1. Does A:LYS101 qualify as being among the basic types (Lys, Arg), within 13 Å of chain C (Cβ to nearest Cβ) and open to solvent by 50 Å² or more (accessible area, probe 1.4 Å)?
2. Is it true that some residue in region B:1-24 is open to solvent by less than 50 Å² (accessible area, probe 1.4 Å), part of a helix (DSSP H, G or I) and at pLDDT 90 or above?
3. Determine, yes or no, whether A:GLY201 is in contact with a helix residue (DSSP H, G or I) (Cβ under 9 Å, 6 or more places away or on another chain) and open to solvent by less than 10 Å² (accessible area, probe 1.4 Å).
4. Determine whether region C:26-43 contains at least one residue that is in a helix (DSSP H, G or I), open to solvent by 70 Å² or more (accessible area, probe 1.4 Å) and within 30 Å of A:VAL85 (Cβ to Cβ).
5. Test of understanding: among A:ILE108, A:ILE93, A:ILE123, A:ILE133, which residue is open to solvent by less than 50 Å² (accessible area, probe 1.4 Å), within 10 Å of another protein chain (Cβ to nearest Cβ) and closer than 20 Å to C:GLY209 by Cα?
6. I'd like the full set of residues that are open to solvent by 50 Å² or more (accessible area, probe 1.4 Å) and hydroxyl-bearing (Ser, Thr, Tyr), limited to region A:77-90.
7. Just to be sure, is A:ILE50 within 30 Å of C:VAL18 (Cα to Cα) and open to solvent by less than 40 Å² (accessible area, probe 1.4 Å)?
Amino acid sequence: MIRFLRGAAVPVALLIAWEIYARTGIAPRYVVAPTEVVKTLWAMTLNGSIFKHTGRSIERATVGFAVGAFFGTLAGLTAGVLKPVENFYDPIISLTYPVPKIALLPLIFTWFGIGDTAKFVIIIMAVFYPTFIASFYGAKSVERVLIWSARNMGASRWQVFRRVVVPAAMPQVFNGLRVGLALSLIIMVTSELIAANEGLGYLIGAAQESLRFDIMYVALLIIGLLGFGADRLMRIARRKLLVGQTLGSEAGNG
Amino acid sequence: MPFLEIDHLVKEFTRKERVIRAIDGIDLMVKEGEFVSIVGPSGCGKTTLLHMLAGFVPVDQGALRLDGKPILGPGPDRGVIFQEYALFPWRTAHGNVMWPLEIKGVPKAEREATADRYLDLVHLEGFRDHYPAELSGGMKQRVALARILVLDPRILLMDEPFGALDSQTRELMQEELLEIWGKTGKTVIFITHDIDEAIYLSDRVVVMTARPGKVKEDFRVDLPRPRRLDIKKTPEYAAYRNKVWDLLHVEVIAARAQTPDGRA
Amino acid sequence: MTPFPSKLRDFLAHWYSVPLLLACWEIVSHSGWVQPRLVPSLMLIGQIFWRDLLSGVLIHHTTVTLYRALGGFLMAVVAGCTLGAAMARNRTIDALFEPIFSFGFPIPRIALYPVFIFIFGLGDASKIALVFLEGMFVITLHTYQGIRAVPNTMVWAGSSMGANSRQLFWRVLLPAALPMIFTGFRIALPVALIIVVSTEIIGESVGLGYYIQFASASFDDAKSLAGIAAVAIIGFALDRALIWLRNRAVFWQPEAVALG
């Protein structure tokens with residue numbers, strides 16, 4: 001409890017200082033009092049507009065994340081056990097991994113138009129990399145003795161993959177999913193900032209143009225909550241699904 | 001006056017809001033130059049005892065004195081050897097042995113030469129510029145030994161130092177430790193769960209009880225020195241061995257019945 | 001078996017997918033299935049890249065992008081290492097800052113960019129500030145965790161050999177945490193480039209992100225791809241440079257390879 005209070009000390013102090021500063025009248029316009037932001041949030045909840053934008057954003061991020069993570073994990077696990085698959089992906093991934101995928105965004109807009117398809121494509125691409133790499137290394141670093149002992153107990157190659165490699169790689173797969181989830185939100189916001197007519201990123205951009213800073217902070221708050229909530233969900237899923245592999249070591253951040 | 005004095009020592013830990021007594025009143029006197037082994041079942045608090053002697057863990061009740069002065073924290077008068085070696089992986093064997101001399105502020109030329117001399121003592125002169133990752137377990141422990149001896153500590157505190165080695169290497173290391181002990185005459189406190197190791201090396205063996213740890217038996221090993229490995233074939237040795245085995249077996253059974261939580 | 005052809009065969013077996021993909025691209029470009037303007041031939045992209053490289057246009061934009069990315073990154077290195085180390089060594093600082101980092105970590109900070117524009121203006125400062133913030137999170141957390149993960153015995157060994165707390169920090173904790181700290185750098189540096197390019201796409205009149213965005217907006221996909229190639233080369237080169245540095249700084253550990 002005391003630890004919690006100390007942990008909340010800095011953020012709470014900052015909020016109060018912010019509130020006071022905003023109310024003095026000497027602050028620039030973009031410093032909006034937190035209480036004003038809450039008021040705007042309440043108004044947007046009542047007229048439902050916040051749900052519309054949040055819903056669109058969540059849709060883009062989850063669809064993009066789900067598709068990208070599915071293919072990334074599948075390809076990564078297969079590449080981890082099958083040499084020809086590894087040979088196909090390895091040079092492509094190692095050449096393009098350090099390249100910021102976001103640079104493709106304007107190009108993808110010219111290919112698919114500025115609608116949702118382009119946003120899905122770029123999120124899928126961005127999520128593919130971390131999920132591929134994590135599950136690839138996860139599958140590749142499964143201890144030999146585990147595979148040998150499964151073979152010794154009569155498991156077929158498919159059974160070894162399904163019942164030994166996949167579960168053993170799971171902690172790493174989850175690390176990849178976590179990074180991918182964070183990325184999908186980042187790309188979602190960025191692509192909506194660049195071109196959209198609905199969604200939280202759009203809301204920030206539009207609020208910026210009309211100098212409605214209160215709306216801007218509302219959107220920021222929601223994006224922050226989404227990021228935080230998604231990460232917590234992922235952690236809970238990880239703890240529930242990987243009981244034996246996470247005992248004694250709560251996953252840190254990063 | 002005793003050299004090392006353990007005076008009614010008590011240690012408790014709090015785990016999940018339960019107080020667990022790890023050490024329950026240990027009294028022990030050690031003379032200068034004596035080689036004392038402490039054996040006991042897992043979780044009996046023997047490693048905790050060593051950590052308190054080293055000054056890493058504070059004393060709850062009782063007192064520890066070295067040469068009449070209370071032990072209050074870590075210090076270079078007590079050299080500690082860990083089972084995990086605790087070598088610095090970014091330094092060569094020679095660099096590791098030089099490390100404490102740098103801390104002490106010894107001039108460069110002198111510490112280079114001193115470190116070389118101590119690498120010779122542990123027969124590692126040929127591995128001077130190897131990194132720990134390039135050394136075998138036995139070699140790593142010899143580097144750790146040289147790194148400790150270079151400070152000329154008054155006492156060596158060894159925590160299952162050969163526990164991670166294979167049995168052949170372990171016997172060689174035991175023989176080498178006795179040789180170094182013979183040359184330097186250091187007082188040694190040696191924690192182990194290996195009965196043979198304790199008898200072969202020591203002047204005295206202290207058997208501890210299962211948790212909470214107390215001294216169950218403390219006796220002298222009157223085997224002639226210098227000892228060679230073939231001493232293990234003599235009936236006198238076998239008698240000591242059987243004695244410790246009987247003492248320890250009861251405690252191992254008792255320890256097995258305990259719950260695993262709160263083990264120090 | 002002579003060594004040379006077998007080497008060549010190994011090389012092909014390992015690298016065949018790259019030329020394969022490029023060939024597919026070229027076939028699509030010439031096939032007439034799509035407008036060649038959308039999938040321009042590699043030759044055309046190369047020509048434009050070469051032209052803008054020689055005229056200095058690409059170099060100009062690259063310099064700006066690099067200045068922003070590296071400027072923010074280096075500031076994040078200094079601040080992140082200091083704060084991470086302070087958190088790991090001091091209970092009060094830890095209690096005050098750790099929640100900000102563990103709670104704030106999963107929040108997409110790029111959304112703050114519009115706010116930063118108002119505080120720092122449209123130019124370099126807002127982008128450097130965002131790179132700094134993003135890099136700071138990663139580097140602080142890695143430094144913190146790296147120092148916290150140093151085995152007790154290693155610290156004990158140091159203190160029993162007479163090291164004081166300053167010596168323990170510089171001669172035990174810091175080198176022992178260095179591999180982890182470098183892992184943080186390797187995550188933060190590509191992120192720095194991503195942030196700069198994204199913000200340049202959102203609103204700027206200079207930098208590689210702007211170059212790509214402007215070309216795409218004028219439906220000049222070949223030029224856009226030339227810009228993407230420039231970003232790719234920088235991203236690749238920065239990562240390799242960091243690996244090189246890491247393998248020298250953390251020489252006692254197995255070498256880092258190109259992938260995370």
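1. Details: among the basic types (Lys, Arg): yes; within 13 Å of chain C (Cβ to nearest Cβ): yes; open to solvent by 50 Å² or more (accessible area, probe 1.4 Å): no.
No; evaluated as a whole, the condition is false for this residue.
2. We begin by selecting, within region B:1-24, every residue open to solvent by less than 50 Å² (accessible area, probe 1.4 Å); these are B:2-6, B:9-11, B:13, B:20, B:22-24.
Remaining after also requiring part of a helix (DSSP H, G or I): none.
No: zero hits.
3. Working: in contact with a helix residue (DSSP H, G or I) (Cβ under 9 Å, 6 or more places away or on another chain): yes; open to solvent by less than 10 Å² (accessible area, probe 1.4 Å): yes.
The answer is yes for A:GLY201.
4. Applying the first criterion (in a helix (DSSP H, G or I)) to region C:26-43 yields C:26-31, C:42-43.
If we keep only those that are open to solvent by 70 Å² or more (accessible area, probe 1.4 Å) too, we end up with C:27, C:30, C:43.
Checking the rest, the ones that are also within 30 Å of A:VAL85 (Cβ to Cβ) come to C:27, C:30.
Looking through region C:26-43, at least one residue is in a helix (DSSP H, G or I), open to solvent by 70 Å² or more (accessible area, probe 1.4 Å) and within 30 Å of A:VAL85 (Cβ to Cβ).
5. Numbers: A:ILE93 fails: closer than 20 Å to C:GLY209 by Cα; A:ILE123 fails: within 10 Å of another protein chain (Cβ to nearest Cβ); A:ILE133 fails: closer than 20 Å to C:GLY209 by Cα.
A:ILE108 is the lone residue from the list that is open to solvent by less than 50 Å² (accessible area, probe 1.4 Å), within 10 Å of another protein chain (Cβ to nearest Cβ) and closer than 20 Å to C:GLY209 by Cα.
6. In the first step, residues of region A:77-90 are kept if they are open to solvent by 50 Å² or more (accessible area, probe 1.4 Å); the result is A:81-84, A:88-89.
Scanning region A:77-90 gives a single hit, A:TYR89.
7. Working: within 30 Å of C:VAL18 (Cα to Cα): no; open to solvent by less than 40 Å² (accessible area, probe 1.4 Å): yes.
No: the conditions fail for A:ILE50.
Conditions tested, residue by residue: (1) open to solvent by 50 Å² or more (accessible area, probe 1.4 Å); (2) modelled with pLDDT under 90; (3) more than 10 Å from chain A (Cβ to nearest Cβ); (4) over 22 Å from A:SER184 (Cα atoms).
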{"site": "C:TYR67", "(1), (2), (3), (4)": "yes, no, yes, yes"}
{"site": "C:ALA76", "(1), (2), (3), (4)": "no, no, yes, yes"}
{"site": "C:THR82", "(1), (2), (3), (4)": "yes, no, yes, yes"}
{"site": "C:PRO106", "(1), (2), (3), (4)": "no, yes, no, no"}
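The values are calculated or read from the model by the stated rules, or taken from the named source; none is laboratory data. Note that the structure is a prediction, hence the values are computed from the model and not measured. Note that we place each Cβ from the backbone using ideal geometry, even for glycine, and neighbour counts take in every protein chain shown. Only protein heavy atoms, including side chains, enter the accessible area calculation; ligands, DNA and RNA are left aside. Shrake-Rupley method; radii C 1.70, N 1.55, O 1.52, S 1.80 Å.
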